[in-house]
Amino acid sequence: MAGRTTRAERMAAPLARQVVRDLAAEHGACLRPVQLRRTDIDTGHVEQVLIPCGHTLASVCPPCAERARILRAAQCREGWHLDHEPVIDPDPATEDQRALVTDRAETQEGRDLLASEGLDTTELDERIGELDEAITDAGLRGQVLPARPRRHRSTRRRQDAAPLPRRTVNPRTIGKTYTAPDGKTFRPSLFVTLTCPSYGRVGEDGAPADPDTYDYQRAARDALHFAALFDRFIQNLRRYVGNDLQYFAAIEPQRRLAPHVHLAIRGTISRHELREVIAATYHQVWWPTGEIRYDGGHLPVWDEHTGTYLDPDTGEVLPTWDQALDAIGEQDEPWHVARFGARFDAQGVLAGSRDASRCIGYLTKYLTKHLGDCHQADTDTQAGHAARLADALRYEPCSPTCANWLRYGIQPRNARAGLRPGACKGKAHRREYLGYAGRRVLVSRKWSGKTLADHRADRRTWLTSALGLPATDPRQYTWEPVKPGDPDHMPNGQRLLHVVADRIQWQTALELARRRAAESDLSATGRAA
Ligand SMILES: [Zn+2]
Ligand SMILES: [Zn+2]
């Protein structure tokens, strides 16, 4: 082939490098493997090990994203119809962890002593902050003390939300078992979808019938506070049903680009009960309310000397975040009240049924994509809708530190020079997040009784035993990343060749192991017969 070919012929030949990538993808090998140097502590023997990048987005690494999705599906399946209480025994605290908590206790006592004598506690408060961080870094779950809201907020129920009967929550997490007349037992579970309320009528394509009356601001705020609303729903549901209800939930966008949530729930609840809990659930955002006072080129200016933002015309210092919060009065309404829409979907699902598999498919379908990439805009109206929502989200405050507060004449928390409304770096403003920057999968703690790492380890154990490989003790090795300048560093192309070869080799081995297992089963039955 070499020599006399036309340019067109040469262009038509597949690119060698692309073929390697395609082969890697085909065999489920990571496209961006990470190179590690593994040294055996006893023998000093050095080996190069390529590990998958583990990215969860298909746009970055399709095989790793697909593996992550399958792992989530396994986690979902394992917890959904669990028939025994998962046992979760936390590890005992280490010496270091205990020492940190002791230190934290002594600091608290000192601080409270100062406070009781009306003395300055700033220094010890700072120390407490540092210790709390250190405690988290040391791997302890949760906080020593619950975060105390600085301000008292009315906890009166909203008059426009129905009250909810409350029961004491008992620790049971598994659903009830029913027995059919023929003696068969079954334990039904639930698949539920909750959506946001209507912001205006939308067509089949998800685009509003009338974009001018579609409530983009409300849509943006609901998306920004969706995670908090979901938390509140779970809390209400647990109090209502009276047990420690467990769920596996995935957040996804609808065609109209509003978030909705699919939940696999262990055990059942009636539609009537669900409707009551949804109607009674709301989340109030107590942020300062007010009018937009600054816009376009007319924006507050930063003052170097005082480290504050000033009114561009009068030079008046704008209220700080804390001052603005303090100014919220008893009569004021919250900044936003997030609620679910009245429409919801619920269906009973039995363990191991085709329905169950289908629902797990729904739950994990979009996990390898950004929210903003799940629905492509095919028409101008769809693109226009996406653009208007993105614009609303760009100027909506995402958090107390958001630069967009300057539009309301309020200095964001931790204000610093260079803040510009519409240019906040918060993830929620980015187009691909559609206002929801939280976690895409929300799993309650006693779902399967395992962490994602445990589920991953299960798969690995299964694989090594299927291949008949000896279990390696991780403590036998030291690991270090191989950096580009190192003599043993492999460029990505070379790593890809290695992972393709490895992958094909162990797939062949796995196939062989499976065939052997099947054959020995056959011969065993043959002998029995
Ligand atoms: Zn990868
Ligand atoms: Zn922001």
_Cα gyration tensor category, rounded, prolate or oblate, for segment 354-413 with a/c compared to 1.5_ = oblate
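When the solvent-accessible surface of protein heavy atoms is calculated with a 1.4 angstrom probe, in what order do LEU237, LEU350 fall, highest first? Could you put the intermediate results ahead of the total?
Working: LEU237 0, LEU350 80 Å².
Highest to lowest solvent-accessible surface, that is LEU350, LEU237.
Work out, in µm²/s and without decimals, the Stokes-Einstein translational diffusion coefficient of segment 152-265 at 10 °C, 1.306 mPa s, Rh from Kirkwood over C-alpha pairs.
Values: Rh = 17.2 Å.
The diffusion coefficient I find is 92 µm²/s.
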*Treat each spin label as a single point 7 Å out from the Cα along the C-beta direction, and report the ALA509 to ALA8 distance in nm.*
4.8
*asked:* Could you sort the peptides 501-508, 394-401 by per-residue average Cβ neighbour count (10 Å cutoff), highest mean leading?
replied: 394-401, 501-508
*Tell me, in nm to one decimal, what length is gained between ALA471 and ALA105 on full extension, where the rule is 0.36 nm per residue of separation less the Cα-Cα distance?*
127.5 nm
*asked:* Rounded to two decimal places and with Rh computed the Kirkwood way over Cα pairs, what is Rg over Rh for segment 260-330?
replied: 1.30
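Looking only at Cα atoms, what is the convex hull volume of segment 37-187 per residue, in Å³?
On the way: hull volume 54.2 nm³, N = 151.
About 359 Å³ per residue, rounded to a whole number.
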*If you take the beta carbon distance between LYS365 and THR314 as r and set R0 to 45 Å, what does 1/(1 + (r/R0)^6) give as a FRET efficiency, to the nearest 0.05?*
0.25
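Stretched out fully, how many nm does the piece from LYS184 to GLU480 gain, at 0.36 nm a residue minus the Cα gap? Walk me through the numbers on the way to the answer.
Working: separation 296, 0.36 × 296 = 106.56 nm, distance 5.54 nm.
Between LYS184 and GLU480, full extension yields 101.0 nm more.
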*Whole-Hz couplings from phi, Karplus 6.51/-1.76/1.60, listed for segment 157-163; x for Gly and Pro*: 5, 5, 5, 8, 10, 5, x
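Would you mind working out the accessible area per residue for the chain, using a 1.4 Å probe, and quoting it in Å²? Mind dumping the intermediate values first?
Details: 31450 Å² over 529 residues.
For the chain, the solvent-accessible area averages 59 Å² per residue.
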*Give me the log10 of I(q) over I(0) for segment 1-62 at q = 0.14, 0.15, 0.22 Å⁻¹, as the Debye formula computes it from C-alpha points; what are the numbers?*
-0.64, -0.69, -0.91
*For the chain, what % of the accessible area comes from carbon and sulfur atoms, probe 1.4 Å?*
52
*Excluding residues on the same chain fewer than 8 positions from LYS425, give the aspartates and glutamates whose Cα lies under 16 Å from its Cα.*
ASP391, GLU396
*In nm, give the distance between the simple-model label positions of ALA138 and GLN494, each being 7 Å from the Cα along the Cα-to-Cβ direction.*
4.4
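Under the rule a/c < 1.5 gives rounded, and otherwise a/b versus b/c splits prolate from oblate, where does segment 265-398 land using the Cα gyration tensor?
Numbers: a/c = 3.20, a/b = 1.87, b/c = 1.72.
Since a/c reaches 1.5 and a/b is larger than b/c, the shape of segment 265-398 is classed as prolate.
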_Helical segments meeting 30 Å axial Cα length and Kyte-Doolittle -1.0 threshold in the chain (DSSP H)_ = 492-528
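Starting from the exponent 0.38 and prefactor 2.2 Å, build the expected Rg for the chain from its residue count and divide its actual Cα Rg by it. Please list the in-between numbers first.
Details: Rg = 28.5 Å, N = 529, 2.2 N^0.38 = 23.8 Å.
My calculation over the Cα atoms of the chain gives 1.19.
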*Hey, which aspartates and glutamates would be in cross-link range of LYS176, C-alpha to C-alpha under 14 Å, not counting anything within fewer than 8 residues on its own chain?*
ASP83, GLU85, ASP244
*Let me see the pair-distance distribution of segment 403-517: every alpha carbon pair, 10 Å bin width, integer percents in order.*
9, 18, 21, 24, 17, 9, 3, 0
*Taking the convex hull of the Cα atoms, report for segment 197-253 its projected area averaged over all directions, in nm².*
5.1
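Return the Rg/Rh ratio of segment 40-112 with Cα-based radii and a Kirkwood Rh. Don't jump to the answer; show the numbers that get you there.
Details: Rg = 22.0 Å, Rh = 18.0 Å.
Ratio value, two decimals: 1.22.
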*Write down, largest first, the equivalent ellipsoid semi-axes of segment 323-445 in whole Å, where each equals the square root of 5 times an eigenvalue of the alpha-carbon gyration tensor.*
35, 21, 15
*Using R₀ = 30 Å, calculate the FRET efficiency as 1/(1 + (r/R₀)^6) where r is the Cβ-Cβ separation of ALA279 and ILE88; round to 0.05.*
0.35
*For every other residue with a beta carbon closer than 12 angstrom to the beta carbon of GLY142, add +1 if it is Lys or Arg and -1 if Asp or Glu, then tell me the sum.*
+1
*asked:* Let's see if you can work this out: charge +1 on each Lys and Arg Cβ, -1 on each Asp and Glu Cβ, no other charges. What is the dipole magnitude of the chain about its Cα centre, in debye to the nearest 20?
replied: 2460
*Picking from SER444, ALA377, ALA356, whose Cα lies most toward the positive end of the charge dipole for segment 353-444 (charges on Cβ: Lys, Arg +1; Asp, Glu -1)?*
SER444
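Length gain on complete extension for the stretch THR43 to ALA377, per 0.36 nm per residue less the alpha carbon to alpha carbon distance?
Values: separation 334, 0.36 × 334 = 120.24 nm, distance 5.83 nm.
In short, 114.4 nm is gained.
The values are calculated or read from the model by the stated rules, or taken from the named source; none is laboratory data. Just so it is clear, the structure is predicted and the values come from calculations on it, not from any experiment. No Cβ is skipped: glycine too gets one built from the backbone with ideal geometry, and neighbour counts run over all protein chains shown. Side chains are part of the model used for accessible areas, which takes the heavy atoms of the whole protein and leaves out ligands, DNA and RNA. Shrake-Rupley method; radii C 1.70, N 1.55, O 1.52, S 1.80 Å.
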